[in-house]
1. If you scan the stretch 428-444, which residues turn out to be surrounded by fewer than 17 Cβ atoms within 10 Å (Cβ to Cβ) and over 18 Å from TYR202 (Cα atoms)?
2. Under the condition of being free of Cβ contacts under 8 Å to residues at least 24 places away in the same chain and in a loop (DSSP other than H, G, I, E, B), which residue from the stretch 135-166 is most open to solvent (accessible area, probe 1.4 Å)?
3. For GLY321, only one of the following conditions fails: (1) touching a Leu at 6+ places or on another chain (Cβ under 7 Å); (2) open to solvent by 10 Å² or more (accessible area, probe 1.4 Å); (3) in a helix (DSSP H, G or I). What is its number?
4. Scanning for something closer than 26 Å to SER372 by Cα and β-branched (Val, Ile, Thr), does the stretch 137-154 turn up at least one residue?
5. Can you confirm whether the stretch 299-315 contains a residue that is farther than 18 Å from SER372 by Cβ, among the polar types (S, T, N, Q) and surrounded by fewer than 24 Cβ atoms within 10 Å (Cβ to Cβ)?
6. What number of residues within the stretch 288-308 satisfy the criterion of being touching a strand residue (DSSP E or B) at 6+ places or on another chain (Cβ under 9 Å) and in a loop (DSSP other than H, G, I, E, B)?
7. Go through PRO180, PRO192, PRO130, PRO119 for me and flag whichever is in contact (Cβ under 8 Å) with a residue 60 or more places away in the chain, under 28 Å from ASP310 (Cα atoms) and surrounded by fewer than 24 Cβ atoms within 10 Å (Cβ to Cβ).
8. For the stretch 456-469, indicate whether the set of residues that are open to solvent by less than 30 Å² (accessible area, probe 1.4 Å), in a helix (DSSP H, G or I) and in contact (Cβ under 8 Å) with a residue 12 or more places away in the chain is non-empty.
Amino acid sequence: AHNQGTNTVRRPGLRRTMAALTLLMLQALLMLQTASALADRKLLFGTNPPATQVPVILDMDANYDDTLALLYVAKNPLFDLRAITTSGAGFATHHGGPANMLKLLSFLGIEGVPVSFGPPESLSPVTTFPLQWRIEIDLFYENEGFPEAETPMSMYDSPALIAKTLRASSTKVAVVVTGPATNVAIALRDDPSLLSKISAFYMMGSNYGGGPNNVYDWQMLFNGVHGSCSEDALAHSFTPGSYPLNSAALGYPQDQHVEFVEGTGPLPNRTATRPGCRGVDLSAAGDTEWNVFLDALAWHVVSRMVAEADDPPMFYALATGASETMAVTIADFEAGTATMGDAALAGFVNRLAASFLFAGEAKWWDAATVVSLAELISGYDDGAGTSDSGVCTEWSATDGFAVSLTWNANADADNKLPYGSVVPKPAIGPAASFCVAGSSDNMQAAFWATLAGQTPETHSKVADPSIWLANA
């Protein structure tokens, strides 16, 4: 406006224009700030030059601890994450797991890493994780409200994506398996030559070396019905129907029947089933670990493939003895996330821990596996003997082991169930090192430093490029 004597002439168009320009400037500033924040986050996920990053495939079942493992791999500049191949027969649901991991990558500012669906059934489908747990982790991710990722889901299933990724790499690739080994077993069985493209396997699984069994009878229940363990993989899909499964048809005592409903008496015969898991109380008689138990045949296939290869990759495994003292606690997570500069990520990690603990037994299984791998690559740990400074404080080396595929319904506390056990068998191969004892303090120190963007050199360099960056 301007004055003409006592009259005032107003120019609403100019005011509107100035307001619009101000709004545009604010929007542009906000976009710059958002882009800068995203760029900062992306910079944290890969600061090493590509030539010094170790290519890795993360084959996982999208569990809570798989999520922690993914966060570490993504944040550690040592790793060049080539693919995430999810298992359809592991913890997460077949449909939910890969979608959740793809959205998580996008939340982390990572696009372009392929994520795939795995076959919904294992090679030896005796059991699945309790359905309730599988639903709960889907709900956890749904409630996080992550937007859809820009990167589309891979068109390949997980075994095919593993094969494609290995064939495309000019250097050997480390393969980390933190769920059942179904995907890797199928890929190798279809094309054994893929072994020449792999620098090392690191498997999370087994209770090798006398570690505790972690498969329990109560985990086979869903709403009081034994529905997680299958008598016949082709007869049903592990999900209890409208009526409880029937144990009376097999002549078990009344106190083990599950088909009685108060006020109605016994229900008509539905499906014959033995109590527990195929008649075995796994809390008393189990001698295994969940990842092996979910697909014992897959572990057998992978181990025999490595044993019979002309130039086998290294084989490492983190057994239950290593994670026995690695319980997840809210106090540890609150202390660890307090060191992180990314408030959104810290909040997500704390909510993840709370949900993880709600599901039951919660340990750092898969996160410990990838931190240990970083120590092996960096030369901080030689994968042998004992140490006070690393994730693995004791390694057990062997020149051969076997995975039992034998079921014994008469197993008890004195005569353990053989199925899913991994035991030494000298000279049959493969040469392997099992991490049988570990340190939660050492593992968490490296884990939280990496999530805070301060990965120590002892966990972020390639000590021997001739192994980890060898031409494939």
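The values are calculated or read from the model by the stated rules, or taken from the named source; none is laboratory data. Owing to the predicted nature of the structure, the values given are computational and were not obtained by experimental measurement. So basically every Cβ, Gly included, is an ideal-geometry build from the backbone, and we count neighbours across all protein chains shown. Note: accessible area is taken over every heavy atom of the protein model, side chains too, but ligands, DNA and RNA are not part of it. Shrake-Rupley method; radii C 1.70, N 1.55, O 1.52, S 1.80 Å.
1. ILE428, ASP441
2. Checked the stretch 135-166; the qualifying residue most open to solvent (accessible area, probe 1.4 Å) is MET155.
3. The failed condition is (1).
4. yes
5. No: zero hits.
6. 2
7. The unique qualifying residue is PRO192.
8. Yes, some residue in the stretch 456-469 is open to solvent by less than 30 Å² (accessible area, probe 1.4 Å), in a helix (DSSP H, G or I) and in contact (Cβ under 8 Å) with a residue 12 or more places away in the chain.
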